[in-house]
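A.B. asks: Encoded as structure tokens, here's the structure I'll be asking about.
The values are calculated or read from the model by the stated rules, or taken from the named source; none is laboratory data. These numbers were taken from a predicted model, which means no experiment stands behind them. Methodologically, a virtual Cβ is constructed for each residue, glycine included, from the backbone with ideal geometry; neighbour enumeration extends over all protein chains shown.
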Amino acid sequence: MGQDSTGPTDGLGNVMQMWFDMASAAMAPFQGHSAGLSAPDALKQAREIFFKAWSDSWADFLRSPAFSAAQQRLLAGSVQYRKQVRQYLERLHHEFELPTCQDIDHLVVAVGQLDQHVQEQFEELTARLDEIAARLDAPDPGRSDAQTNAPDPRERPAKRRGPANRR
């Protein structure tokens with residue numbers, strides 16, 4: 001690969017150098033015996049140096065431009081993969097004539113608009129019926145009191161209680 005490429009091994013030389021430096025720093029205490037230290041103290045010191053070198057190398061690695069670039073490529077790849085999977089599933093839904101989330105969202109919007117329209121029509125009808133009822137209940141100036149007190153021909157007469165209707 002050339003210097004201009006953006007392959008998976010970009011910056012690998014820098015990473016390898018970082019690991020080599022960590023290994024060198026971690027192994028330094030084991031190179032020669034420290035004069036004046038007992039064996040357990042020398043091991044404790046070697047362990048501390050090893051862990052410090054290890055944590056420093058990890059900190060350097062995680063802050064490195066190579067790691068950052070790799071993470072960016074990984075995230076971009078996962079976003080692209082998710083888009084491809086979503087497109088594939090949408091195409092699959094449509095091929096099998098199954099509803100997608102977008103189809104259901106459009107349906108919910110359409111039903112909401114229909115509900116609003118029906119509610120407006122119902123309110124308009126209610127207002128018109130109230131107006132008609134008010135006109136029917138209002139006294140007619142052309143009618144006399146005799147006509148006003150006359151029974152409504154649409155009303156049923158009260159039932160008579162005869163011998164057959166008694167309880």
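A.B. asks: Only one residue in Ala42, Ala70, Ala76, Ala46 is in the same structural domain as Met22 (by TED's automatic domain parsing) and either surrounded by fewer than 15 Cβ atoms within 10 Å (Cβ to Cβ) or closer than 13 Å to Met18 by Cβ (or both). Which one?
C.D. replies: Ala76
A.B. asks: Among the candidates His106, His93, single out the residue that is assigned to a helix (DSSP H, G or I) and surrounded by 13 or more Cβ atoms within 10 Å (Cβ to Cβ).
C.D. replies: Of His106, His93, the one residue that is assigned to a helix (DSSP H, G or I) and surrounded by 13 or more Cβ atoms within 10 Å (Cβ to Cβ) is His93.
A.B. asks: Can you tell which of Leu114, Leu107, Leu129, Leu74 is at pLDDT 90 or above, within 30 Å of Gly13 (Cβ to Cβ) and not small (Gly, Ala, Ser)?
C.D. replies: The unique qualifying residue is Leu74.
A.B. asks: Given the residues Ser68, Ser34, which is the only one that is hydroxyl-bearing (Ser, Thr, Tyr) and modelled with pLDDT of 80 or more?
C.D. replies: Every option except Ser68 fails the conditions.
A.B. asks: Quick check: anything in the stretch 90-101 in contact with a Pro (Cβ under 9 Å, 6 or more places away or on another chain) and without any contact (Cβ under 8 Å) to a residue 40 or more places away in the chain?
C.D. replies: The answer is yes; a qualifying residue exists.
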